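Since every read-out is calculated from the coordinates, none of them should be taken as a lab result. Not measured: the values here are computed from a predicted model. In this analysis, Cβ positions are derived from the backbone assuming ideal geometry, glycine residues included, and neighbour counts consider all displayed protein chains.
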Amino acid sequence: MARIELEGVEKRWGAVVGVRDIDLDIADQELVVFLGPSGCGKTTTMRMIAGLEEPTEGEIRMDGELMNGVDARDRDVAMVFQGYALYPNMTIFENIRFPLRMRGVPKAEQTRLVHQAAGMVELGEHLDRKPGVLSGGQRQRAALARAIVRNPSCFLMDEPLSNLDAKLRQAMRVQIKHLQRELKTTTVYVTHDQIEAMTLADRIVIMERGAIQQIGTPDEIYANPSNAFVAGFIGSPPMNLIEGRVSDGMFTAPGIAVAANGIEGDRDLTLGVRPEDCHIGPSDTHLDGAVFAIEPTGDLTYLTIKAGEDLVEVKADRGYRADLDAPEHVAFNLDRLYFFDPESGIRVR
Amino acid sequence: MASVRRSRSESLFIRYLVLGAWALFCLAPVLWFLSIGLRPRTEIITPQPIYFPTFSLDAWHMIWEDWPMAKYLRNSVLAIIGSVVIDLVLAIPAAYSLSRYEYRGRDDIGFYILSTRMMAPAIVAIPIFFLFRNMGLLDTIWALMLVYAAINMSVVTWIVRSYMLDIPKELEDAARTDGASDLRILWEIIIPAILPGIITAAVIAMIFAINEFLFTLLIASTPDAYTMSVALANFTGGSDGVIYNAIALVAFIAFVPVFVVVVAIQKHLSRGLTMGAIKG
């Protein structure tokens, strides 16, 4: 088990900055998810923790011990990769045994531990097969077994589920969460899927362009996004971001007029409102527009309303139906409105 | 519908016809020298072509009984296998370094290795002769091994490198976090994963080595170091004149093992020969 600290960590390749000034303290047994779009630096940060990349600046510590310059094989971490990274020439048994063999675990103990790990991911029947004949889900479970077999102090998981189909992804997510709680091993998990992040994480670290945008529990990040990027990244569908102007305590944009929650002055602002905080209502509400698209999903209906040039997403009841271009009115939940500076994206309160 | 089916079968027929004609064109010389090797000398140079020659094992008996052909064959096999082993032992780590590590001058070193294949062999023939003479290796199989290995090193390195580039980096990262050293990764992960590429490179090196003539002629001056390719030249002089049926039979004996191996691994071989065409 391990506490992981990153202090002023940066990674540069010449003029290209991959990761800038990362400060992060991951508690023992915690499951932290790095979330962000492609190229945001989340995988690079994880690779630096693994020892597969050396930070250009800053310090990485595990249980207080400085890890800079320590080779990946000498750090007590196990990594699970997006492409499984199972050794194709070895059977699943040999794959799972590999880290034990590299660390000189006695042979009899190796066999016992391999069967134990395979049992935990329900892979006991496939131990004599080569990775090539297994399904994606089985391969990912084999990769998990290889990671857990030697009881490392930290798991690093780099988008481990992104090659699986939606149904399997959900099942594996549950399995990973259960395993992490059972083994009580500090885990760093990288993903660009915000549902994965929300459902798995004790804390989420949202990254963009190599920098941390916000750190918090899933609830904190959802309820209190610190900037427009985080607000737009978390939530499915994402938060509506509408550019407009505040004056005399009212936010206005084409088709929209709503109280600005006590924000004074006369300035351009971006209004953020989540689709679930928009309610179809009678006329004379906060938004008047026309139906642009309707997407029934079974349990509810996604409705897109065009107000001026903005498209505003609304979660409506499952039975909601309307003609295209029909006028529609929406009331916002006034307690759940967010305002952001249109230039910097920083939240304005 | 019927006309579509007919035109498809016609197109298939034309394809087989063209491929058959091409196969015949390629194989005709082989069949021809086999036929020459298995007929008496009197039926080789004749004013009129002989379509159905007399079957004769004269040349077969001659090359094994009158000439130390077994020795030439042994020399060939030892020199070629030795050279391929040297190539693989040196080229695999070199290819790993060129394909995986970042360091100053890496691409220049890669190009230098490749460029050794670009010059005409005759340019280095005399320096190599003096080099081996000073080392006391002239007329030995050791010298042949070293020369063949040097000639083929660039090709083997680049073929192996092209296969290594196709191995996902994740595999090595996984092995590293699992606790493996670089050497372990190369031995336990990379080499088994690119085994078809290594076999391909070895076979290509073997073919080049079997066909090598210039340096062998230069280095080997007695039957102690003669190989099959130089032995062929022995049938062209002396009081017996040019012994065509013996030449043809020795050429055929040298051809068969290569042919068998190439057919066995042809799927991988085509990939090896086009290496660099898609991924550099």
Item to check | Amide H contacts under 5 Å for A:GLU328, placed H, 5+ residues apart | outcome: A:GLY289, A:ALA290, A:VAL291
Checklist outcome for this item: Whole-Hz Karplus couplings 3J(HN,Hα) for segment A:231-246, θ = phi - 60° and coefficients 6.51, -1.76, 1.60, Gly and Pro as x, run 4, x, 8, 9, x, 9, x, x, 4, 6, 10, 10, 7, x, 9, 9
Next on the checklist: Let me check against my output: what whole-number percent is the relative contact order of chain A, with C-alpha pairs under 8 Å and at least 6 apart?
Outcome noted: 15
Checklist entry - So how far apart, in nm, are the two label points at B:MET119 and A:ALA108 if each is 7 Å from Cα heading toward Cβ? => result 6.3
Item to check | DSSP bridge pairs, chain A: antiparallel proportion in percent, nearest 5 | outcome: 75
Next on the checklist: Give me the three principal axis extents of chain A from the C-alpha atoms, as integers in angstrom, largest value leading.
Outcome noted: 76, 46, 33
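Would you calculate the volume per residue, in Å³, of the smallest convex hull containing every Cα atom of the protein assembly as shown?
Roughly 275 Å³ of hull volume per residue.
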Checklist entry - Helix B:141-165 versus the longest principal axis of chain B: what is the Cα-based angle in degrees, 0 to 90, to the nearest 10? => result 50
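Working from the pairwise distances between different alpha carbons, so that the mean of 1/r is found and then inverted, what is segment A:80-158's Kirkwood radius in Å? Please list the in-between numbers first.
On the way: mean 1/r = 0.0816 Å⁻¹.
Evaluated on segment A:80-158, it is 12.2 Å.
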Checklist entry - Could you state the principal axis extents of the C-alpha atoms in segment A:1-141, from the largest down, to the nearest angstrom? => result 48, 31, 26
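Average the reciprocal distances over every distinct pair of alpha-carbons in segment B:1-103, invert the result, and give the Kirkwood radius in Å.
Working: mean 1/r = 0.0508 Å⁻¹.
Answer for segment B:1-103: a Kirkwood hydrodynamic radius of 19.7 Å.
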Checklist entry - Can you sort B:CYS26, A:CYS154 by how many other beta carbons sit within 10 Å, fewest first? => result B:CYS26, A:CYS154
Next on the checklist: Could you check the spin-label model distance between A:ASN333 and A:LEU183? Points 7 Å from the Cα along Cα→Cβ, value in nm.
Outcome noted: 3.7
Item to check | Inter-chain Cβ neighbour average for residues B:165-176, partner chain, 10 Å | outcome: 6
Next on the checklist: Please compute one quarter of the surface area of the Cα convex hull for chain B and express it in square nanometres.
Outcome noted: 22.9
Checklist outcome for this item: For segment A:80-89, in residue order, the Karplus 3J(HN,Hα) values (coefficients 6.51, -1.76, 1.60; θ = phi - 60°; whole Hz; Gly and Pro = x) are 10, 9, 4, x, 6, 6, 7, 6, x, 8
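Please report the relative contact order for chain B, taking Cα pairs under 8 Å with a sequence separation of at least 6, and give it as a percent rounded to a whole number. Spell out each step's value before the answer.
Working: 264 pairs, mean separation 78.8, N = 280.
Worked out over chain B, it gives 28 percent.
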Checklist entry - Viscosity 0.890 mPa s, temperature 25 °C: Stokes-Einstein D of segment A:240-348 from its Kirkwood Cα radius, in µm² per second? => result 174
Checklist outcome for this item: Counting only residues 5 or more apart in sequence or on a different chain, those whose built amide H sits under 5 Å from that of A:VAL348 are A:PHE339, A:PHE340, A:ASP341
Checklist entry - Of A:ILE49, A:ALA15, A:THR199, whose Cα points farthest to the positive end of the dipole of chain A (charges on the beta-carbon: +1 Lys, Arg; -1 Asp, Glu; origin at the Cα centre)? => result A:ILE49
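For A:GLU122 and A:ARG267, FRET efficiency with R0 = 60 Å and r from the beta-carbon atoms, rounded to 0.05? Numbers along the way, then the final one.
On the way: r = 58 Å, r/R0 = 0.96.
Approximately 0.55, to the nearest 0.05.
How big is the charge dipole of segment A:240-348 about its Cα centre, in debye rounded to the nearest 20, if each Lys and Arg gets +1 on its Cβ and each Asp and Glu gets -1 on its Cβ? Don't jump to the answer; show the numbers that get you there.
Numbers: 9 positive and 21 negative charges, 49 e Å.
Computed charge dipole of segment A:240-348: roughly 240 debye.
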Checklist outcome for this item: Residue-ordered couplings for segment A:132-147, obtained by feeding phi - 60° into the Karplus form 6.51 cos²θ - 1.76 cosθ + 1.60 and rounding to whole Hz (Gly and Pro as x), are x, 9, 8, 6, x, x, 5, 5, 5, 5, 5, 5, 5, 4, 5, 6
Item to check | Degrees, to the nearest 10: B:69-100 long Cα axis against longest axis of chain B | outcome: 20
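Enter the mean number of other protein chain beta carbons within 10 Å of the beta carbon of each residue in A:79-86, as an integer.
Numbers: counts 6, 2, 7, 1, 5, 4, 11, 3.
Shielding by partners across A:79-86 averages 5.
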Checklist entry - In Å, what is the Rg of the alpha-carbon atoms in segment A:98-221, and how long is Dmax? => result 16.0, 48
Checklist entry - Label B:PHE130 and B:TRP32 with points 7 Å out from Cα along Cα→Cβ: what is the distance between them in nm? => result 4.3
Item to check | Amide hydrogen neighbours beyond the local backbone of A:MET79, cut-off 5 Å, H modeled | outcome: A:LEU156
